[in-house]
1. Which count do you get for residues in segment A:104-113 that are crowded, with 21+ Cβ neighbours inside 10 Å and facing chain B (nearest Cβ under 10 Å)?
2. Is it the case that A:Phe101 is more than 30 Å from A:Ala115 (Cβ to Cβ), under 16 Å from the mean Cα position of the chain (by Cα) and away from every other protein chain (no Cβ under 14 Å)?
3. Six or more apart or on different chains, Cβ atoms under 8 Å: show the pairs whose first residue is in segment A:49-67 and farther than 17 Å from A:Lys96 by Cα and whose second is among the charged types (D, E, K, R) and exposed (fewer than 14 other Cβ atoms within 10 Å of the Cβ).
4. Give just the number: which of (1) modelled with pLDDT under 90; (2) farther than 21 Å from A:Met92 by Cβ does A:Met44 not satisfy?
5. Within segment A:40-50, is even one residue over 18 Å from A:Pro135 (Cα atoms) and acidic (Asp, Glu)?
6. Mind checking whether some residue in segment A:50-71 is of a type in the set (A, V, I, L, M, F, W, C), under 16 Å from the mean Cα position of the chain (by Cα), closer than 18 Å to A:Val117 by Cβ and part of a helix (DSSP H, G or I)?
7. In segment B:91-112, what residues are over 30 Å from B:Pro154 (Cβ atoms), surrounded by 16 or more Cβ atoms within 10 Å (Cβ to Cβ) and of a type in the set (D, E, K, R)?
8. Take the residues of segment B:15-47 that are of a type in the set (D, E, K, R) and farther than 17 Å from B:Phe58 by Cβ: which is surrounded by the most Cβ atoms within 10 Å (Cβ to Cβ)?
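The values are calculated or read from the model by the stated rules, or taken from the named source; none is laboratory data. Please read all numbers here as calculations on a predicted model, not as lab measurements. All Cβ positions, even for glycine, are placed from backbone atoms using ideal geometry, and neighbour counts span all protein chains on display.
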Amino acid sequence: MALRPMLGGDNFLTTRLDKVIAWSRKFSLFPYPFVTACCGMEYMSVSSSHYDLDRFGAAFPRFTPRQADLLLVVGTISHKIAPILKLVYDQMCEPKWVIAFGVCTCTGGFYDNYATVQGIDTIIPVDVYIPGCPPRPETVLQGLMLLQEKIARQKQDY
Amino acid sequence: MSSIFDPVDNKTLKAIKEKFGDAVLEAGLDKGDLVAIVTAGSLHDIIAFLRDTPELDFNMLADLFGVDYLPRKPRFEVVYSLHCIERNERIRLRVQLNEKKCEMDTVTDLYPVANWLEREAWDMFGVVFRGHPNLKRLLMYEPFDGHPLRRDYPINKRQPLIGPKN
């Protein structure tokens, strides 16, 4: 259904259309919170009314990867759950983004041991890394805004 | 006999010493808890005796875990904690195992909870339980190489499946 070649490749019309589609995608993210550990508490407090996530349009968590576009990997990933994380990532449809929430997902955190995956970027591609143990909600919101800027910069596929 | 434990006059320890004689290597009080060190071959019978005798009636296996005392020979120990609910009495049975011959009989037929407890001891230390219905890894994933809670396993040794190499 490739609309971009139909409109003539890269020209004024497609860049405007890019901007509109990027605007609509970044302000209506459907996160899939893949929560395993303590960072889940910070995710809950970011979603609540004090540090509202709804004003960014990302309030509605979809608990199935088929309907989600943002995979929020929250909390420590051990070697046993790593294949499941990969399966969940593969089940999401394009366009999809991944946020590594918390330092355990960025680099393994302070679990430098045999059981923890030392950073989920060894398994799936990550767009934004939010460090912190757990990160302050303001940090999470800054990470989300960085992701929104990234979406705005991307060449949208349509 | 000069024992590493304090002597105590206790019905349970007397009963197992009298029935099993030299299978019980040491018995007594260790900082206030009843302990007995027994041989690996007799452990299943001792636990069956403790569970089935009506006066003793140890009906709960509270815990089962392994210990690694690396420079000491015998290297491994498996510790069983039994609890009698009616009399509120606990006893600890310790079995010492060599590194070469790290096997013993399972107690899953006596206490079904031992199924997962023994799987964890196998996964973390490498103690083989003969007769266990499903001796697979419990906490680590299947192709994991090694037994993590042994003392000579370096804590941040990487496994080949995911992530950076050693």
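1. 1
2. Numbers: more than 30 Å from A:Ala115 (Cβ to Cβ): no; under 16 Å from the mean Cα position of the chain (by Cα): yes; away from every other protein chain (no Cβ under 14 Å): yes.
In short, no.
3. Partner pairs satisfying both residue conditions: A:Tyr51/A:Glu138.
4. Among (1) modelled with pLDDT under 90; (2) farther than 21 Å from A:Met92 by Cβ, A:Met44 violates only (1).
5. no
6. no
7. B:Arg92, B:Asp105
8. Pass one, segment B:15-47, residues of a type in the set (D, E, K, R): B:17-19, B:22, B:26, B:30-31, B:33, B:45.
Restricting the remaining residues to those that are farther than 17 Å from B:Phe58 by Cβ gives B:22, B:26, B:30-31.
Details: B:Asp22: 8, B:Glu26: 14, B:Asp30: 17, B:Lys31: 7.
If we take residues in segment B:15-47 being of a type in the set (D, E, K, R) and farther than 17 Å from B:Phe58 by Cβ, then B:Asp30 is surrounded by the most Cβ atoms within 10 Å (Cβ to Cβ).
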